[in-house]
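Single-structure report; data block below.
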Amino acid sequence: MQPAARTNLADTAIDNIRAEIVSNRWPVGDRIPNEAALADMLGVSRGTVREAVRVLVAQGFLETKQGSGTYVRSIINPDESLLRIRRTGLRDQVEARCALEVEAARLAALRHTPEGVADLRQLLADRGEYATARHDYYVEHDLAFHKAVVAASCNLALIEVYEFFSVSTQEIIRATVTGELPEPDMAAHAAIIDAIESGDPDKAASTARAFMAPLLIELDRLLAS
């Protein structure tokens, strides 16, 4: 590791520590060297190291455990990953959303509870049909409904991925309510709940796939024109 330059020390320390993490020198779950050792490696003060670690914790690379030390949490910057997702084409984003929601619906059919189904019906009722005067309300509540479908899968990893992807999902919903893409109606949403309640995973997956199909068809038409 190269000693940090005497200008912009904190930023340089952040870059150097992040480079060590991304290069997998310290694998996920490993404890990184203590403050004194990092200061010596970087050629900076312990205060500078402390600031660098604080930033990397905020970015999701590191986590601190009281009385234990600082550990590598991830080699990926979630903010950068989200930016890369947002730079992809809309069709790619819709396809990714489709993959997540189809699998979520399939699992939800196997793992749902009566209370969970009742919650889904209430969320859909709260959302209601789209009205221009309620644009932001509709987008917020439509997203809440789809998050609840994913939550019904009881797969924590899938829930976290969908949460990470939710900014992109919200933008897709906005594109449907502004008329850029077809918006599935209330019946299409209710059909997903019915399919989950049926307990048939194949039916739930195919219903969720059918829900997303008009969006993909319209995107194909737009891209071909």
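The values are calculated or read from the model by the stated rules, or taken from the named source; none is laboratory data. Here the structure is a predicted model, which means the values were calculated and not measured. Positions of Cβ are backbone-derived with ideal geometry, glycine not excepted, and every protein chain shown enters the neighbour counts. What goes into the accessible areas is simple: the full protein's heavy atoms, side chains included, and nothing from ligands, DNA or RNA. Shrake-Rupley method; radii C 1.70, N 1.55, O 1.52, S 1.80 Å.
Restricting Arg127, Arg134 to those that are more than 19 Å from Phe211 (Cα to Cα) and more than 14 Å from the chain's Cα centre (by Cα) reduces the list to Arg134.
The set of residues in the range 121-134 that are open to solvent by 40 Å² or more (accessible area, probe 1.4 Å), part of a helix (DSSP H, G or I) and not hydrophobic (A, V, I, L, M, F, W, C) comprises Arg121, Gln122, Asp126, Thr132, Arg134. Checked against the criterion of being exposed (fewer than 13 other Cβ atoms within 10 Å of the Cβ) and modelled with pLDDT of 85 or more, the candidates Ala96, Ala105, Ala118 yield just one match: Ala118.
Each row is one residue, and each column tells you yes or no for (1) modelled with pLDDT of 90 or more; (2) hydrophobic (A, V, I, L, M, F, W, C); (3) over 25 Å from the mean Cα position of the chain (by Cα).
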residue	(1), (2), (3)
Asn16	yes, no, yes
Asn34	yes, no, yes
Leu38	yes, yes, yes
Met41	yes, yes, yes
Ala58	no, yes, no
Tyr71	yes, no, no
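Counting only residues that are in contact (Cβ under 8 Å) with a residue 40 or more places away in the chain and open to solvent by less than 50 Å² (accessible area, probe 1.4 Å), how many does the range 171-180 have? Total meeting the criteria: 3. Does at least one position in the range 212-219 carry a residue that is crowded, with 19+ Cβ neighbours inside 10 Å and either of a type in the set (Asp, Glu) or touching a Phe, Trp or Tyr at 6+ places or on another chain (Cβ under 9 Å) (or both)? For the range 212-219, residues crowded, with 19+ Cβ neighbours inside 10 Å and either of a type in the set (Asp, Glu) or touching a Phe, Trp or Tyr at 6+ places or on another chain (Cβ under 9 Å) (or both): absent.
Output yes when any residue across the range 176-184 is of a type in the set (A, V, I, L, M) and either at pLDDT below 95 or in a loop (DSSP other than H, G, I, E, B) (or both), and no when none is. Taking every residue of the range 176-184 in turn, at least one turns out to be of a type in the set (A, V, I, L, M) and either at pLDDT below 95 or in a loop (DSSP other than H, G, I, E, B) (or both).
For the range 144-162, the criterion of being exposed (fewer than 14 other Cβ atoms within 10 Å of the Cβ), touching a helix residue (DSSP H, G or I) at 6+ places or on another chain (Cβ under 7 Å) and farther than 18 Å from Ala125 by Cβ is satisfied by no residue at all.
Residues in the range 20-53 that are open to solvent by 50 Å² or more (accessible area, probe 1.4 Å), within 15 Å of Val72 (Cβ to Cβ) and part of a helix (DSSP H, G or I): Val22 alone.
When the residues of the range 181-206 are filtered to those that are in contact with an Asp or Glu (Cβ under 8 Å, 6 or more places away or on another chain) and crowded, with 19+ Cβ neighbours inside 10 Å, the one that is farthest from Glu140 (Cα to Cα) is Ala205.
Of all residues in the range 54-71 being over 20 Å from Asn8 (Cα atoms) and touching a strand residue (DSSP E or B) at 6+ places or on another chain (Cβ under 6 Å), which is surrounded by the most Cβ atoms within 10 Å (Cβ to Cβ)? Going through the qualifying residues, I end up with Leu62.
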